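Have a look at the structure below, then the notes.
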Amino acid sequence: MAKKLVFVLVIVAFVAGGGFAQNSVWNGSFDLEAGPTPQKAALFIDLGYTLGYLLIGGVGIGAGWESRINSTSSWLINAGIGTYGEEWRLLNYKYRALDFSAEVNYRYYIFKSALDKLFVNAGIGYGHYSWTYSWTSSSRADEKYTWGSFNIPLYAGWKAIIGKGFVAELDLGYRIGINVIKPDNYYSSWSSPTYGGVIAGFRFGWAF
């Protein structure tokens, strides 16, 4: 619960700090009726992915590329990779997890302002997840298990292009895991990944 609270506070601080400002000098109001931006594509990193792994003691990074289709829509491809682990010294046991995912998305901009302001997003993706178990006080060989899952990310967000091209974006939604592929030889009582759950993006980059 504490880790989730920290993550929420980071997002709130971003919003309160003016992350949604539409111009390099904000005039005190949002021009929601403006047309599409002159920028046609954006390259960004996803700090939400990085922060999520930091909160569980791991390391992760996400990145993506968005390209405008017309004044109301765009397509987005993004991917991320992360790793974390834990060790129980009393049990002479440790594990390491590796997670990789990639998604293709369609975005619809509510105010006909692609690539700017309010949007909704839907996509399809695939995730690969592996666990490696090691025993530190015996000659028992390491055991490695892998999962795969197709998933459907659904979320809404707000993007601001500040100045000539700096991008700041915040989004929140839910990822639905479908067709989870489990290893046949996995007998642990631990649940396998489902790739489902709440997702949040905290993106920075540059639009061209």
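Some values worked out for this structure:
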| read-out | value |
| --- | --- |
| The range 83-111, residues that are more than 22 Å from Gly64 (Cβ to Cβ) and not aromatic (Phe, Trp, Tyr) | Gly85, Glu86, Glu87, Arg89, Leu90, Leu91, Asn92, Lys94, Arg96, Ala97 |
| Residues of the range 53-101 satisfying the condition of being closer than 18 Å to Leu118 by Cα and β-branched (Val, Ile, Thr) | Ile69, Thr72 |
| Lone qualifier among Gly64, Gly127 - being surrounded by 14 or more Cβ atoms within 10 Å (Cβ to Cβ) and at pLDDT 95 or above | Gly64 |
| Any hit, the range 86-94, residues being surrounded by fewer than 17 Cβ atoms within 10 Å (Cβ to Cβ), in a strand (DSSP E or B), in contact with a strand residue (DSSP E or B) (Cβ under 9 Å, 6 or more places away or on another chain) and modelled with pLDDT of 95 or more | no |
| Leading residue by the ranking (modelled with the highest pLDDT) among those in the range 169-207 that are assigned to a loop (DSSP other than H, G, I, E, B) and surrounded by 13 or more Cβ atoms within 10 Å (Cβ to Cβ) | Gly196 |
| Pairs where the first residue, in the range 72-93, is closer than 21 Å to Leu51 by Cα and without any contact (Cβ under 8 Å) to a residue 12 or more places away in the chain and the second is among the aliphatic types (A, V, I, L, M) and surrounded by 15 or more Cβ atoms within 10 Å (Cβ to Cβ), C-beta under 6 Å, 6+ apart | none |
| Failed item, numbered, when Leu154 is tested on (1) at pLDDT below 95; (2) in a strand (DSSP E or B); (3) surrounded by fewer than 18 Cβ atoms within 10 Å (Cβ to Cβ) | (1) |
| Selected residue (only one of Lys159, Lys182, Lys144 is touching a residue at least 12 places away in the same chain (Cβ under 8 Å) and farther than 22 Å from Ala79 by Cα) | Lys144 |
| Residue check, Tyr126 touching a strand residue (DSSP E or B) at 6+ places or on another chain (Cβ under 9 Å), hydroxyl-bearing (Ser, Thr, Tyr) and part of a strand (DSSP E or B) | yes |
| Answer residue from the range 53-79, given it is in contact with a helix residue (DSSP H, G or I) (Cβ under 8 Å, 6 or more places away or on another chain) and aliphatic (A, V, I, L, M) and is nearest to Leu98 (Cα to Cα) among those | Val59 |
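The values are calculated or read from the model by the stated rules, or taken from the named source; none is laboratory data. Note that this is a predicted model, so its numbers are computed, not measured. We place every Cβ from the backbone using ideal geometry, glycine too, and count neighbours over all the protein chains shown.
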